[in-house]
Amino acid sequence: MRLRPPDPVLLPLVVALGMVPLGLAFVTVARNRLVTGRPMPLWHAAQGPEAILSLAGLALLLLAALKRGPWLAILSGVLVMGGLGWIAGDVAQLQAISQPAARVSLGGGFWLMQALAALCLVEAARQTGRAGKALATLLVAAATASLMMSGTLDDLSLLREYANRRDVLGPALLRHIEIVTLAVAPTVLIGVPLGVACYRREAIGRLVLPTLGVVQTIPSIALFGLMLAPLAALATWQPALARIGISGVGMAPAVLALLLYSLLPIASNTQAGLASVPDSVRDAARGIGMTRGQIFWQVEAQLAFPALLAGLRITIVQATGLAAVAALIGAGGLGAIMFDGLFTGALDLALLGAIPVIGLAVTADLLLRLVTPRATDRAPS
């Protein structure tokens, strides 16, 4: 009987996961918020049942890689992620008892191990299909909720920063979503017709798409800066515009710059989606008596819709990240918290702003990925 070879993707990830503690600090412990912390390796931090849980998860993950067991990999990957969180929280609780002002920050080893364990989950979920993806999502959410609700993580520096900024974080999150929405909504209304025009007229495409490509090459902070002078002059010329919020700083330049950045993915994907429709399909539609308008709306638009969704997914993820930079010109949002932490040297405060940005981008990407296959299934063949 031939033995199956190990999983070529999972096995290197598991080996790397086991080697991370040898070179990177798991957490850093500081006497207070202002001083630099001392690194603590994983083998010093892991001293209780949570260490057994993490080791058992790692051993099962290795077995899953060797035996090609994706379902076991999902379960053991969640054990590793949950166990690592438990270890970090336990260290923070012990430090808080002995030194109430002490700060325990998550180190590079923690984040890298969590990232590798998450990659193992993603690969295992890919192999098991939608059921595996649903199970992995459910287990990760349950493990995270258990750690949060039990208070295990409350003494970590990141959670302390959250407790101090709780009243600010909610409005900042809503402001961030508002910036992205105000930028993406008009982008779709402008970019889709622009993509159709680029498809209908090659001359328009040769002019518009390279121009939008040049806009993409401009660094984000430079483009935000370029918006300041003209909008400030416009607000001075027409005070009524200033009264509705259009000025050189704040929301207006942020939204305008993000709109310019977002036009290329929408327009180019719309043009590419329409260009990918086979000529034979158009000929068949004409053969049954469809008008040009009917062919566009009932055939071309439906076949191009998955490409449009892919462009929208790129646009939303890109805008979500760039909206954080817009805090530098007074737009607010999660970027304000992130830069406040960077400028004051409070890295956990910076993470408090950065993690929700990543969460918003990942959530939007996952939701649109779920919609895209259904759109593809509904498209006429």
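Assorted remarks:
- Identity of the residue in the stretch 1-30, over 18 Å from residue 111 (Cα atoms) and either in contact with a Pro (Cβ under 7 Å, 6 or more places away or on another chain) or loosely packed, with under 12 Cβ neighbours inside 10 Å (or both), that ends up modelled with the highest pLDDT: 8
- Those residues of the stretch 55-69 which are part of a helix (DSSP H, G or I) and surrounded by fewer than 23 Cβ atoms within 10 Å (Cβ to Cβ), in sequence order: 55, 56, 57, 58, 59, 60, 62, 63, 66, 67
- Conditions (1) farther than 30 Å from residue 361 by Cα; (2) surrounded by fewer than 19 Cβ atoms within 10 Å (Cβ to Cβ); number of the one not met by residue 285: (2)
- Residue list for the stretch 181-202, filter: over 18 Å from residue 308 (Cβ atoms) and either modelled with pLDDT of 95 or more or touching a helix residue (DSSP H, G or I) at 6+ places or on another chain (Cβ under 6 Å) (or both): 182
The values are calculated or read from the model by the stated rules, or taken from the named source; none is laboratory data. As the structure is a prediction and not an experimental result, all values here were calculated from the model. Cβ sites come from the backbone with ideal geometry, for glycine too, and all protein chains shown count toward neighbours.
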